[in-house]
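Structure first, then comments.
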Amino acid sequence: MMCKLYLAPIRGFTDAVYRNTFSEHFSGIDIAVAPFVTTHQGKRIRPALIRGLLPENNTGMPLIPQILSKDPEGFIRLATRLYDLGYGTVNWNLGCPFPMVANKQRGSGLLPYPDKIDSFLETVLPAIPNILSVKTRLGRRHGDEIFRVMPVFNRYPLKEIIIHPRVGIQMYEGKPDLETFEACLGLSAHPVVYNGDISSLDSFQGLSLRFPEVSRWMLGRGVLINPLLPEIIRNGQDIFPHKIEIIRQFHDALFQEYGKILCGPSHLLERMKGFWKYFALSFKDSRNIQKKIFKAKTARRYESVVKHFFESEARWSSTPGKFRG
Ligand SMILES: Cc1cc2nc3c(=O)[nH]c(=O)nc-3n(C[C@H](O)[C@H](O)[C@H](O)COP(=O)(O)O)c2cc1C
């Protein structure tokens with residue numbers, strides 16, 4: 001079956017710079033969902049909020065913007081603005097696990113309240129020109145919360161339901177709950193996108209054997225760790241002999257591109273150190289390189305540590321390290 005690969009929204013990582021740079025160096029991703037933007041009640045939409053979503057800043061791959069909100073009016077206003085920018089589809093975030101978000105009944109915090117989801121969709125859907133897709137977890141506290149939410153989704157015309165089979169309070173701990181995901185597949189009137197812990201060709205193949213009816217797959221941290229993963233999945237085999245050089249070129253391009261937009265070397269360093277939490281896991285002895293990079297206090301020091309690593313220390317690991325957050 002032809003499968004469609006989605007790049008997951010990862011706030012602080014898969015922004016426009018990352019997505020554009022990614023698509024100059026790699027292929028395999030069909031479409032990305034952008035990290036969320038929030039609505040602000042009663043306020044006009046600040047240009048800075050949607051700068052990363054402007055079509056001229058997003059030339060690399062098709063994009064679905066994502067909105068985090070429980071306020072129908074704000075959602076309608078923002079979705080309509082995004083439609084005017086050319087976005088025929090927007091995604092509603094029902095998965096964000098962070099207590100600051102979830103405690104306010106946003107993101108995964110709405111999942112225990114199917115009636116609120118229902119009335120939100122009832123108000124929003126007839127009022128927006130876009131098609132709506134939804135990204136959800138199984139619940140906030142309990143995986144069975146989703147069983148009261150799926151019938152609500154089924155009553156509305158949605159493009160697709162992206163399911164990350166964990167609950168909010170798990171954050172990213174524990175294993176995805178594949179039994180409950182399977183039950184959701186059976187219940188959904190809409191196409192379902194699987195998302196969670198696809199970190200290698202093996203893990204992808206295991207999931208696609210288990211869920212042959214799924215043709216849409218979303219990859220997040222697995223791509224941050226190994227940006228060749230989508231191509232490897234597409235090819236059904238790992239045929240890249242010069243991975244370290246390929247990753248190095250990508251790293252250098254990211255460093256350069258972020259250098260153009262982030263003000264000051266400390267922001268740039270912080271951003272690049274964030275990426276290394278993931279990059280490092282593609283290599284043997286990942287702790288060691290992480291430590292050295294985190295210690296670098298200046299851009300010059302950072303560049304020399306990274307250069308040395310790529311030129312003489314880096315050894316590719318055939319089994320990527322474990323995700324941690
Ligand atoms: C640092 C971080 C930021 C994230 N930001 C978002 C976000 O803005 N919107 C969203 O729907 N999911 C967000 N997620 C969740 C991912 O999209 C994805 O559902 C999750 O990482 C599981 O998929 P993976 O195992 O392939 O990474 C974030 C995850 C992480 C680790």
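Name the one entry in Ser304, Ser317 that is farther than 18 Å from Leu7 by Cβ, hydroxyl-bearing (Ser, Thr, Tyr) and in contact with a helix residue (DSSP H, G or I) (Cβ under 9 Å, 6 or more places away or on another chain).
Ser317
Would you mention how many residues in the range 226-243 are among the β-branched types (Val, Ile, Thr) and surrounded by fewer than 22 Cβ atoms within 10 Å (Cβ to Cβ)?
2
What residue, of Leu228, Leu207, Leu224, is within 16 Å of the ligand (Cβ to nearest atom) and touching a strand residue (DSSP E or B) at 6+ places or on another chain (Cβ under 8 Å)?
So the residue among Leu228, Leu207, Leu224 that is within 16 Å of the ligand (Cβ to nearest atom) and touching a strand residue (DSSP E or B) at 6+ places or on another chain (Cβ under 8 Å) is Leu207.
So is Glu182 buried (at least 20 other Cβ atoms within 10 Å of the Cβ), over 25 Å from Ile76 (Cβ atoms) and away from the ligand (no atom under 16 Å from the Cβ) or not?
So Glu182 does not fit the description; no.
The rows are residues; the columns are (1) in contact with a Ser or Thr (Cβ under 6 Å, 6 or more places away or on another chain); (2) at pLDDT 95 or above; (3) surrounded by fewer than 20 Cβ atoms within 10 Å (Cβ to Cβ).
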residue: His251; (1), (2), (3): no, yes, no
residue: Ser266; (1), (2), (3): no, no, yes
residue: Val305; (1), (2), (3): no, yes, yes
residue: Thr319; (1), (2), (3): no, no, yes
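Between a residue in the range 219-246 that is closer than 14 Å to Lys277 by Cα and any residue that is more than 13 Å from the ligand (Cβ to nearest atom) and among the charged types (D, E, K, R), which pairs come within a Cβ distance under 9 Å, given they are 6 or more apart or on different chains?
From the range 219-246, the pairs are Asn226/Lys243.
Which one is surrounded by the most Cβ atoms within 10 Å (Cβ to Cβ), of the residues in the range 79-111 that are polar (S, T, N, Q) and part of a loop (DSSP other than H, G, I, E, B)?
The selected residue is Gln105.
Take the range 274-304 and flag every residue that is over 18 Å from Tyr258 (Cα atoms) and assigned to a helix (DSSP H, G or I).
Matches in the range 274-304: Ala280, Leu281, Ser282, Ser286, Arg287, Asn288, Ile289, Gln290, Lys291, Lys292, Lys295.
The values are calculated or read from the model by the stated rules, or taken from the named source; none is laboratory data. What you are looking at is a predicted structure, and each value in this text was computed from that prediction instead of being measured. No Cβ is skipped: glycine too gets one built from the backbone with ideal geometry, and neighbour counts run over all protein chains shown.
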